[in-house]
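Here it is, the structure in full.
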Amino acid sequence: MELVDEFCDLLQVHTNRDKVVLLACYSLKWWGAAARRPELSTASARLATARAAMRLFDDAAVIKTLHAYGLGKQEGPWWGSLGTSHSVFTLAYLQAEKLIFLIDTGVLLLDEQRAYKIRTAHKLFWTLFTFVGFLRSIRALHLAARNLQAPERSKCAAARFTQATLVSSKALLDVVHVVSWLPRGWPWGGALPTARAAGLATLSAVLGLLIHYRGKKLMPR
């Protein structure tokens, strides 16, 4: 019963529920591509559509984060600018996704070339905020390593270093996966087979849940 309660608590929060749906979505996509079972790929696409629909309402959370962070002066000009740009790129991604929703539903009628540019911009902003997130995770990993080596390190320094390592590993997987969605000719855009790209995303989703549960243990009680 404790496991059921834990799972129910996980599903109560939108961002945590999305982690579960993300894992199901890419697991089905990987299985469908690897086993050549189109019905599983269809199920994955349905879940992906559901996730995209819920992201239409994510602006407020990103704006709140951006407002709280400001220009990131407390982290210096370089890292502060990266922190701010992460939220800006995320907002741009969400606006592009809204346009795609309107195009797909027929509310917004555009010619094929303009629609393609919007879809490409959507993938580009996705790549940008993912890559910035990876850079910031590397910094967090570096700081965690320094704290681990400090003479007066805290009792949870080792656990925090492990957590930072997991976050950076997930961020790297996300970068490799997201860039593969870009058009051919952009880094390695379109170069990964569907099964391999979905496999990377599935592994990232597993790490996301692991990071979530480890993070709960590191929170002050």
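Please indicate, with yes or no, whether at least one residue in the range 174-194 is among the acidic types (D, E), modelled with pLDDT under 95 and either out of contact with any helix residue (DSSP H, G or I) (no Cβ under 9 Å at 6 or more places or on another chain) or under 28 Å from C8 (Cα atoms) (or both).
Scanning the range 174-194, I find no residue that is among the acidic types (D, E), modelled with pLDDT under 95 and either out of contact with any helix residue (DSSP H, G or I) (no Cβ under 9 Å at 6 or more places or on another chain) or under 28 Å from C8 (Cα atoms) (or both), so the answer is no.
Tell me yes or no: at least one residue of the range 147-158 is in a helix (DSSP H, G or I), surrounded by 14 or more Cβ atoms within 10 Å (Cβ to Cβ) and modelled with pLDDT of 95 or more.
no
Specify the residue that is nearest to L141 (Cα to Cα); the eligible residues are those in the range 168-187 that are polar (S, T, N, Q) and assigned to a helix (DSSP H, G or I).
S168
Let me ask something else. Can you tell me which residue is farthest from T165 (Cα to Cα) among those in the range 206-221 that are among the aliphatic types (A, V, I, L, M) and at pLDDT below 90?
By that ranking, first place goes to M219.
Quick one: is L141 in a helix (DSSP H, G or I), aliphatic (A, V, I, L, M), within 17 Å of the chain's Cα centre (by Cα) and surrounded by 14 or more Cβ atoms within 10 Å (Cβ to Cβ)?
no
Follow-up. Give the residues of the range 120-150 that are under 15 Å from L173 (Cα atoms), in contact with an Asp or Glu (Cβ under 8 Å, 6 or more places away or on another chain) and not β-branched (V, I, T), sorted by residue number.
G133, F134
Please specify each residue of the range 97-134 satisfying the condition of being under 16 Å from D59 (Cβ atoms) and under 16 Å from the mean Cα position of the chain (by Cα).
Residues satisfying the conditions are E97, H122, F125, W126, F129.
Condition first: over 25 Å from P193 (Cβ atoms) and out of contact with any Gly (no Cβ under 8 Å at 6 or more places or on another chain). Can you find one or more residues in the range 18-37 that meet it?
Checking the range 18-37: at least one residue is over 25 Å from P193 (Cβ atoms) and out of contact with any Gly (no Cβ under 8 Å at 6 or more places or on another chain).
Here's a follow-up. Specify the residue that is modelled with the highest pLDDT; the eligible residues are those in the range 1-31 that are within 17 Å of the chain's Cα centre (by Cα) and among the polar types (S, T, N, Q).
Across the range 1-31, the extreme among qualifying residues is S27.
A follow-up question, please. Quick check: is even one residue across the range 58-75 of a type outside the set (G, A, S), in contact (Cβ under 8 Å) with a residue 40 or more places away in the chain and surrounded by 15 or more Cβ atoms within 10 Å (Cβ to Cβ)?
The answer is no, given that none of the residues of the range 58-75 is of a type outside the set (G, A, S), in contact (Cβ under 8 Å) with a residue 40 or more places away in the chain and surrounded by 15 or more Cβ atoms within 10 Å (Cβ to Cβ).
The values are calculated or read from the model by the stated rules, or taken from the named source; none is laboratory data. If you're wondering where the values come from, they're calculated on a predicted model, not measured in any experiment. Please note: Cβ atoms are built from the backbone with ideal geometry, for glycine as well, and neighbour counts cover all protein chains shown.
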